[in-house]
1. Calculate the translational D of segment 230-303 in whole µm² s⁻¹ from Stokes-Einstein, where the hydrodynamic radius comes from the Kirkwood formula applied to all Cα pairs, the temperature is 4 °C and the viscosity 1.567 mPa s.
2. When the Debye formula is applied to the Cα atoms of segment 131-185, each taken as the same point scatterer, what base-10 log of I(q)/I(0) results at q = 0.19, 0.20 Å⁻¹?
3. Compute, for the chain, the length of the dipole vector about the Cα centre, with Cβ point charges of +1 (Lys, Arg) and -1 (Asp, Glu) only. Units Debye, rounded to 20.
4. Based on alpha-carbon atoms only, what is the radius of gyration of segment 195-274 relative to the globular estimate 2.2 N^0.38 Å?
5. Could you work out the mean projected area of the convex hull around the alpha carbons of segment 34-161, in square nanometres to one decimal?
6. Quick one: Debye curve from the C-alpha atoms of segment 74-149, no solvent, what's log10 I(q)/I(0) at q = 0.20 Å⁻¹?
7. By what distance, in whole Å, do the Cα atoms of segment 120-218 stretch along each of the three principal axes, largest value first?
8. Mean 1/r over all different Cα pairs, inverted: what Kirkwood radius does segment 110-157 give, in Å?
Amino acid sequence: MSQIFQNIFSKTVKSKVQEEEIKAAQIEKAIRSTKVELSRLMSDGFFILLAVLSAGFGLKGFLLPNNFIDGGVMGISLTIAKLTEIPLSILVVVVNLPFLMMGFSTIGKRFALKSIVAIVLLAIAVHFIPFPIITNDKLLIAIFGGFFLGLGIGLAIRGGSVIDGTEVLAIFASKKTSLTIGDFILILNIIIFSVAAYVFTIEIALYAMLTYLATSKTVDFVISGIEEYIGVTIISNNYEQIRVAIIENLGRGCTLYSGRRGQSLEETEIIYTLITRLELSKLRTEIDKIDPNAFVIMHSIKDAKGGMIKKRPLK
């Protein structure tokens, strides 16, 4: 009997220990998850704050004092502000509000809430912060006004929000129509620039196009990052030598996966690696040294994280 009780007691103790371990693991997971969420929130908040300051500077330091407009939803706000007595700080919120409602249903609640905060902060910055007027030169206004506005839009997107609802509207419209996101943005901007040419002057419309180009290119640059990556797929019989060269000579990681050639059905190993644009020439040189006939496919990667993306020191 004592042995039976001892076994029951032992199982009970083990069960409680396991329950405690599970609870401890759950608590640790919850703490880790909370830390990640807080870290991400602080990072996003920092990007949004920089976005607001940059966009506000572009608007009040360049575009607004010189009656310049931009494309997208911000261009609509600027046009209405010039045609009416309504302050831009109010229009930025009012015009973007319908698009944020679309974003709530299309992208998500967190995105919509962060975007509302970002746009309200931008309205406050435009209304209250006395940004200095930098120049009256029309070319500089178009280029640098577009640059700072694009920098703000790009940083806001990096922070998981928007201060210009153009892309949200485009995503929503692409789901409801046969138009792609790019097609919709193009059509919207053609309408905005046409209205600008009719209401104001053709010269203002042309400068608006230049401002929009500067804005869009800056947004692409900020989102893609300074160090844009190139994804490279390599198929070669000398895959082992190429793998070693990538690791030892370039200091990059790579992944091998199995495949079969289409004609002969011969099995082969395929190499995939990520490098920066500046390392592309060196990679080509290393491949040509080993196998000039290697089949190489390259494509742009907008962003990447994890793994061995950062270059490790060479031996």
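The values are calculated or read from the model by the stated rules, or taken from the named source; none is laboratory data. Everything quoted here is computed from the prediction, not taken from an experiment. Glycine also receives a Cβ, built like all others from the backbone with ideal geometry; neighbour counts cover every protein chain displayed. Surface accessibility is based on the protein's heavy atoms, side chains included, excluding ligands, DNA and RNA. Shrake-Rupley method; radii C 1.70, N 1.55, O 1.52, S 1.80 Å.
1. 104
2. -0.78, -0.81
3. In total the dipole reaches around 880 debye.
4. Ratio of Cα Rg to 2.2 N^0.38 Å: 2.02.
5. If you wrap the Cα atoms of segment 34-161 in a convex hull and average its projections, you get 7.7 nm².
6. Computed log10 I(q)/I(0) values: -0.99.
7. 44, 35, 22
8. Values: mean 1/r = 0.0811 Å⁻¹.
Result for segment 110-157 stands at 12.3 Å.
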